[in-house]
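Notes follow once the structure below has been shown.
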Amino acid sequence: MKVLIVGGGGREHAIAASMKKSSRVDKIYCVPGNAGIAQIAECEPSIGAMEFDKIAAYAKQKEVDLVFVAPDDPLVGGLVDVLQSAGLRTFGPDKKAAVIEGSKAFSKDLMKKYHIPTAAYETFDNPDEALAYLETASMPVVLKADGLALGKGVLICNTIEEARAGVKEIMLDKHFGNAGNRMVVEEFMVGREVSVLSFVDGKTIKTMTSAQDHKRAKDGDKGLNTGGMGTFSPSPFYTKEVDDFCREHIYQPTVDAMAAEGREFKGIIFFGLMLTPNGPKVLEYNARFGDPEAQVVLCRMKNDICDVVDACIDGTLDKVDLEFEDNAAVCVVLASDGYPVSYEKGFEITGLESFEGKEDYYCFHAGSGFDEKGRIVTSGGRVLGITAKGATLQEARKKAYDATEWVGFTNKYMRHDIGKAIDEV
């Protein structure tokens, strides 16, 4: 098979690494890709993930057998529809189904209609009405920009002053662009956060191993929300009891609800869960692999990824026995200091060769490129996802942090407490 992966971050590098392990794949392409993906795939950096017609033409030119659309923007924008109408076999939800991530108001209304447990909420198109509502709401509250905002359009407001400032930031100043044309005001839930990724074929859902992300930029969950500073898998807080509840009340009901709405979902649903004192509730849905969750989940999957992708496209997922290794993985993100606000890039990354031939260690590139001399340099806020597997979460974490010392670049920054919660189990 020839496979084309759309995207250029750590998630796409993890997908490409899984494809490389497949006995069925002999050629991988990626648009736009990055310097790490370029070690295992033919990248075309001149084509962006939102250039739908160019992607379709490139896929046809390379005669690919499968296109894997990985990021949120092209999924929500309808790239899958464009590729399928061009006769290309494509993995990922179509535009009608990807709205489950594209609009938080849609997903909240869906959960309310089909009695899927989630936080109480109200939706607003008018900032004055939102402000009037907030004057009567109990604090803290959560404000969410309705549309896509790179995983950053969520504000937790502890006081009415912070809530007023949040409405201004989202709806008036348009800090998150058009994503803030509508806003969801949600009750603040307390509990452990857990991420569960799943494969879906329109009717059947098979969940992957659990994970837990760290969104805040600084140690101790301080600082701004980012795209994710690290993650671990599995979550020790995701018990069999929690899994049983979610299967009955969240996972299958979500797939059935989308089908009932005429929005059959084929691809990956990411369930962001909050384990509250009143049981698990849905924080958010994503219509694709999370980043950096993909990095710790895919490296533990025993199945050939192509077999599972085929089953999702063909509606035969019920015949797949999804299996994961009985171990653990931890990913620590090496970022550019100053992320997610402002940071310098273009610095050479050294020590990458240290990962060659090392079992259980992975260096997934999130923001890397080549300079004019052909050296690998930093090109983004999140640069590398240093990932390690171990028999236990504690062992995997130690190995991952040890491996962060193998690579270097100017202004390298990371959190030092990824997975710290596992010590509390």
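Separation of the range 209-243 from the range 268-291 is 11 Å, based on Cα centroids.
Between residue 85 and residue 218, the distance separating the two model label sites (each 7 Å from Cα on the Cα→Cβ line) works out to 4.9 nm.
Per residue of the chain, what 222 nm ellipticity follows from adding -39500 (n - 2.57) for every DSSP H run with n ≥ 4, rounded to the nearest 500?
On the way: 13 runs with 112 residues, N = 425.
Counting only the DSSP helices, I get -7500 deg cm²/dmol.
With the full set of protein chains in place, find how many percent of the accessible area of the chain is carbon and sulfur; take the probe as 1.4 Å.
Details: 8340 of 17290 Å².
That fraction is 48 percent.
The stretch between residue 95 and residue 304, if pulled fully straight at 0.36 nm per residue, gains 72.6 nm over its current Cα-Cα span.
Note on residue 416 and residue 115: the extension gain reaches 104.4 nm, defined as 0.36 nm multiplied by sequence separation minus the Cα-Cα distance. The 3J(HN,Hα) values that the Karplus relation (6.51, -1.76, 1.60; θ = phi - 60°) gives for the range 214-224 are, in residue order, 10, 7, 6, 6, 10, 3, x, 6, 9, x, 6 Hz. Gly and Pro appear as x.
Taking Cβ atoms as reference points and 14 Å as the exclusive limit, the residues near residue 82 contribute a net charge of 0, counting Lys and Arg as +1 and Asp and Glu as -1.
Here each label is just a point 7 Å from Cα along the line to Cβ, and for residue 314 and residue 1 those points are 1.0 nm apart. Pick from 242, 196, 167: which residue has the top mean-square fluctuation in a GNM of the chain where Cα pairs under 10 Å get a spring? Looking only at 242, 196, 167, the largest GNM fluctuation is found for 242.
Among the listed pairs 20/266; 203/420; 152/389; 2/373; 373/398; 113/203, which have their C-alpha atoms separated by more than 26 angstrom in this model? Present the calculation step by step, with values, prior to reporting the outcome.
Working: 20/266 23 Å; 203/420 37 Å; 152/389 28 Å; 2/373 30 Å; 373/398 35 Å; 113/203 19 Å.
Cα-Cα > 26 Å for 203/420; 152/389; 2/373; 373/398; rest within.
A simple spin-label model places the labels of residue 323 and residue 398 2.9 nm from each other, with each point 7 Å out along Cα-to-Cβ.
So between residue 46 and residue 174, what do we pick up on full extension, going 0.36 nm a residue minus the alpha carbon distance? Could you put the intermediate results ahead of the total?
Working: separation 128, 0.36 × 128 = 46.08 nm, distance 2.94 nm.
The span from residue 46 to residue 174 would gain 43.1 nm if fully extended.
When you work out D = kT/(6 pi eta Rh) for the range 93-238 at 25 °C and 0.890 mPa s, using the Kirkwood radius from C-alpha pairs as Rh and the Stokes-Einstein form, the result is 148 µm²/s. With a cut-off of 17 Å on the backbone N, the residues of the range 18-37 near the modelled label site 7 Å out from residue 63 along Cα-Cβ are 25-29. Accessible surface area normalised per residue over the chain is 41 Å², counting heavy atoms of protein chains with a 1.4 Å rolling probe.
The values are calculated or read from the model by the stated rules, or taken from the named source; none is laboratory data. No experiment lies behind these values; they were computed from the predicted model shown. Cβ: placed from backbone, ideal geometry, glycine included. Neighbour counts: every protein chain shown. Side chains included, ligands, DNA and RNA excluded: accessible areas come from the protein's heavy atoms. Shrake-Rupley method; radii C 1.70, N 1.55, O 1.52, S 1.80 Å.
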